[in-house]
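The values are calculated or read from the model by the stated rules, or taken from the named source; none is laboratory data. Just so you know, these numbers come straight off a predicted model, no measurement behind them. Cβ: placed from backbone, ideal geometry, glycine included. Neighbour counts: every protein chain shown. Just the protein is used for accessible areas: all its heavy atoms, side chains included, with ligands, DNA and RNA removed. Shrake-Rupley method; radii C 1.70, N 1.55, O 1.52, S 1.80 Å.
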Amino acid sequence: MSINRRLLPSIHHAISLNDFQIYLNERAILSRADLSELNPYYTRFFSDAKDVRTENWNRVFGNFTDYGSRFARTNTSAVPNAYGPILIIFKSNYFQSIIDDNSVRVTKKTISSNSFNPDTDLIDISTLHEYFEINPRGFYNYPKNEFNGIEFSCTQRLDISPATIHKIIIDPIYHNDIRLIDKVRELLTNYPTDIELTERELTQDKIDILRHLVSWSNSLNGRLLHKNINLRDHVPEHLQNWFDNLNDTGVKILASWLTYTYNGTLIHME
């Protein structure tokens, strides 16, 4: 494969507390197929049925962007990372080590999107640098703004070890008098890992929004996965202004966040 092998971008993978524990047991990031076989109570996604139908159930997914940073850094309304509050960031040289795997696929948008078109949304790996901001030293930064939805997938497991992981960022979720980062730290003590673990920094107003979002998620108890509910009719008072400034895409992401956060993380914080 002809590819410019300047320092390639880092793979990012966000996950729930429930599924993160399975990852640690296997020392790897797994496909949804493997995850569902190992844990019958894995965190269900709205896109699961489509992934099975489109034969993507056995693929491992990641992004090249920290989706949670938009919630943390922007002044406009944005939703935390819906895929999970635990963000695993790989070292950039790990992508280099698997780039020649024939199963590696990079797409302009998630393949679970209804607008995904395999004829126009697949990216030739040799042109990957065209979609990223390249710094003066020739290293990849984050994707260009118009390509923030770039997605990575392959059929091999992604190794979790100090040799492959750059760091893990935890959203500052607090539930049942327990901090999520403390739960993650507790899990990591059972494994011979030396990986940097850090809690995402948020301003006080974002901490307040996240706290109300967690409370809202807990009150909905995951039922959005099985019942169609108009979120606009159930917005807590403290979140009304924030919610009103979300666009339609943001509302859809919020529905996922509220559902996955409860099913995948909150009910496991005991």
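Among the residues of the stretch 33-53, just one is of a type in the set (Val, Ile, Thr) and open to solvent by 30 Å² or more (accessible area, probe 1.4 Å), namely 52. Looking only at the stretch 204-226, residues that are outside any helix (DSSP H, G or I) and without any contact (Cβ under 8 Å) to a residue 40 or more places away in the chain come to 1 in all.
For the stretch 186-227, the candidate set comprises residues that are among the basic types (Lys, Arg) and modelled with pLDDT of 95 or more; within that set, the residue that is surrounded by the most Cβ atoms within 10 Å (Cβ to Cβ) is 200. For the residues 87, 30, the requirement of being touching a strand residue (DSSP E or B) at 6+ places or on another chain (Cβ under 6 Å), within 23 Å of residue 262 (Cα to Cα) and either open to solvent by less than 70 Å² (accessible area, probe 1.4 Å) or among the charged types (D, E, K, R) (or both) singles out 87.
Residues are listed down the side, and each one gets a yes or a no for (1) aliphatic (A, V, I, L, M); (2) free of Cβ contacts under 8 Å to residues at least 40 places away in the same chain; (3) closer than 24 Å to residue 259 by Cα:
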{"residue": "73", "(1), (2), (3)": "no, yes, yes"}
{"residue": "91", "(1), (2), (3)": "no, no, no"}
{"residue": "95", "(1), (2), (3)": "no, no, no"}
{"residue": "98", "(1), (2), (3)": "yes, no, no"}
{"residue": "111", "(1), (2), (3)": "yes, no, yes"}
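In summary, residue 142 fulfils each of the numbered conditions (1) outside any strand (DSSP E or B); (2) open to solvent by 40 Å² or more (accessible area, probe 1.4 Å) with the single exception of condition (1).
Among the residues of the stretch 119-139, those that are surrounded by 18 or more Cβ atoms within 10 Å (Cβ to Cβ) and out of contact with any helix residue (DSSP H, G or I) (no Cβ under 9 Å at 6 or more places or on another chain) comprise 121, 128. Under the condition of being at pLDDT 95 or above, open to solvent by 20 Å² or more (accessible area, probe 1.4 Å) and charged (D, E, K, R), the residues counted in the stretch 1-26 number 1.
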